[in-house]
Amino acid sequence: MSDMKRLAQLMGELEEQLVVCMRCGMCQAVCPLFAVTGKEADVARGKLALLDGLLNKMFEDPKGVYERLNKCLLCGSCATNCPSGVKALEIFMKARIILTGFMGLSVTKKMILRGMLSNPRVFDRLLEWGAGFQGLFTKPASDILGTSCSRIASPILNERHFMPLAKVPFHRIVPSMNTPAGSSGIKVAFFTGCLIDKIFPKVAQAALDIFSFHGIGVFIPEGQGCCGIPAISSGDAESFEKLLLYNIEKYSSADFDYLVTACATCTSTIKKIWPLMVNAGSSDDLKSKVEKISVKTLDINQFLVSKIGIKVPEPENKYGEIITYHDPCHLKKSLGVYAEPRMLIKANNGYSFREMPEADWCCGMGGSFNLQHYEISDDIGKRKIGNIKISGAGVVATGCPACMVQISDMLSKANEKITVKHPVEIYAESLKNK
């Protein structure tokens, strides 16, 4: 299918979906962006109104439409709480593809998405090189959180406390793996994800420790690629499709029961966006492979609780270090996974679990939103940090590495000595003495 036919198809789908919105404004109450800016244009209803008649607006002011449409966290709060069932995230992604197809990618995005991200080996080498030299440009910001800040004035890094790249990425520690199912009788394919591979390899190692303890076979293909969410969020269908094909080739020929990830965003992308964005011109074979993998995909918390049967010990420890949990948007709102991470945390009897207020309120990361609108991202993040502090926790866990990066930034800048961990790290700790 040609690019123009694909865009025409998406335009038709978009027009059909837009009529569902009743303009009731329910999305205002749950939109973290609107809570900060108070602007109608920033809430889902305002964006949907903008997209009504997109074909005309594209020719009148394509840049203005694109900028307003991209001022969105893609957190899914509006879609989850919409009484009419408007698929806002799907609409926004399709609209971004249409606009990008009409306008083209910026030079910067083309370099990052098509020159780096969609070429996994090049991307890995560049980030490994960056890890070796990052000490020249960064300085420690928090010993507890392991964050850094920039030594030089930078429009991107200025004022941020960011997680540095790991000295050794996970794909160098474990280039590949293919072990048979043990006592569990289950074998999983493990999708590492970019942030866990390059910033949080300890999370991946904790997952492998858990798999080993429970007798779970593991398949990890050599040279995994990005799940594609940065590309599709930017409207770059070309890079997304390239990464989709790359990953499908890596996993479709292997024999496994479930594809498991420890990244909420990767899970949501593989399970929902991969099949959604396989276009009508794709071969039946590709559609079949994507559907097969999508159906098998589970978040690691959900997998361990529902398939392995991890349970909360009785009675729970009420006197250990207090730990709380932040619900990643892509995990709770997109996939409905929220009880399982809490069960995994509570399985470690060394902690006392305590809920924070608004546990499912967005942390403000939003992927590229954080890069383009850092001041707003920072304001949203401060609300999250306030709620973490209210819980009295010394540790905050979350099932998304992007949320880990954002929360670490906010805690470090606030000089709060609260550790950020993934639920699998908490659970893996409890297995060491067993």
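The values are calculated or read from the model by the stated rules, or taken from the named source; none is laboratory data. All values reported here derive from a predicted model rather than from experimental measurement. Cβ atoms come from the backbone with ideal geometry, glycine included; neighbour counts cover every protein chain shown.
Below is a table of values for the structure above.
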quantity: Neighbours by Cβ (under 7 Å, 6+ apart or cross-chain): first from the stretch 348-377, in the same structural domain as Thr419 (by TED's automatic domain parsing); second of a type in the set (Phe, Trp, Tyr) and surrounded by 17 or more Cβ atoms within 10 Å (Cβ to Cβ); calculated: Asn348/Tyr427; Ala359/Tyr325; Ser377/Phe369
quantity: Options Asp379, Asp409; residue that is acidic (Asp, Glu) and crowded, with 22+ Cβ neighbours inside 10 Å; calculated: Asp409
quantity: Within the stretch 338-371, tally of residues that are surrounded by fewer than 18 Cβ atoms within 10 Å (Cβ to Cβ), under 17 Å from the mean Cα position of the chain (by Cα), farther than 17 Å from Cys31 by Cβ and not hydroxyl-bearing (Ser, Thr, Tyr); calculated: 1
quantity: Qualifying residue in the stretch 333-340 (condition: at pLDDT 95 or above, in a strand (DSSP E or B) and under 17 Å from Val305 (Cβ atoms)); calculated: no
quantity: Ser253 being surrounded by 18 or more Cβ atoms within 10 Å (Cβ to Cβ) and either in contact with a helix residue (DSSP H, G or I) (Cβ under 7 Å, 6 or more places away or on another chain) or over 21 Å from Val405 (Cα atoms) (or both); calculated: no
quantity: Subset of the stretch 72-111 (residues that are closer than 21 Å to Cys400 by Cβ and at pLDDT 90 or above); calculated: Cys72, Leu73, Leu74, Cys75, Gly76, Ser77, Cys78, Ala79, Thr80, Asn81
quantity: Odd one out for Ser268 among (1) of a type outside the set (A, V, I, L, M); (2) over 20 Å from the mean Cα position of the chain (by Cα); (3) modelled with pLDDT of 95 or more; (4) part of a helix (DSSP H, G or I); calculated: (2)
quantity: Residue within the stretch 231-252 that is acidic (Asp, Glu), in contact (Cβ under 8 Å) with a residue 40 or more places away in the chain and under 17 Å from Leu117 (Cβ atoms) present; calculated: yes
quantity: Ile380 touching a strand residue (DSSP E or B) at 6+ places or on another chain (Cβ under 8 Å) and part of a helix (DSSP H, G or I); calculated: no
quantity: One residue from Lys87, Lys71 being under 18 Å from the mean Cα position of the chain (by Cα) and surrounded by fewer than 20 Cβ atoms within 10 Å (Cβ to Cβ); calculated: Lys71
quantity: Lys311 surrounded by fewer than 23 Cβ atoms within 10 Å (Cβ to Cβ) and among the basic types (Lys, Arg); calculated: yes
quantity: Options His330, His326: the member that is under 15 Å from Lys384 (Cβ atoms) and touching a residue at least 60 places away in the same chain (Cβ under 8 Å); calculated: His326
quantity: Elements of type helices (runs of 4 or more DSSP H) contained in the stretch 141-244, each with 3 or more residues being under 26 Å from Val420 (Cβ atoms) and among the basic types (Lys, Arg); calculated: none
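This table checks each residue for (1) without any contact (Cβ under 8 Å) to a residue 24 or more places away in the chain; (2) within 30 Å of Tyr325 (Cα to Cα); (3) in contact with a Leu (Cβ under 7 Å, 6 or more places away or on another chain).
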| position | (1), (2), (3) |
| --- | --- |
| Val260 | no, yes, yes |
| Thr265 | no, yes, no |
| Lys296 | no, yes, yes |
| Asn301 | no, yes, yes |
| Val305 | no, yes, yes |
| Gly309 | yes, yes, no |
| Glu314 | yes, yes, no |
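Yes/no per residue for (1) over 16 Å from Leu50 (Cβ atoms); (2) assigned by TED's automatic domain parsing to the domain that holds Lys332; (3) in a helix (DSSP H, G or I):
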{"site": "Cys72", "(1), (2), (3)": "no, no, no"}
{"site": "Cys75", "(1), (2), (3)": "yes, no, no"}
{"site": "Cys78", "(1), (2), (3)": "no, no, yes"}
{"site": "Cys82", "(1), (2), (3)": "yes, no, no"}
{"site": "Gly85", "(1), (2), (3)": "yes, no, no"}
{"site": "Ile91", "(1), (2), (3)": "no, no, yes"}
{"site": "Lys94", "(1), (2), (3)": "no, no, yes"}
{"site": "Ile112", "(1), (2), (3)": "yes, no, yes"}
{"site": "Gly115", "(1), (2), (3)": "yes, no, yes"}
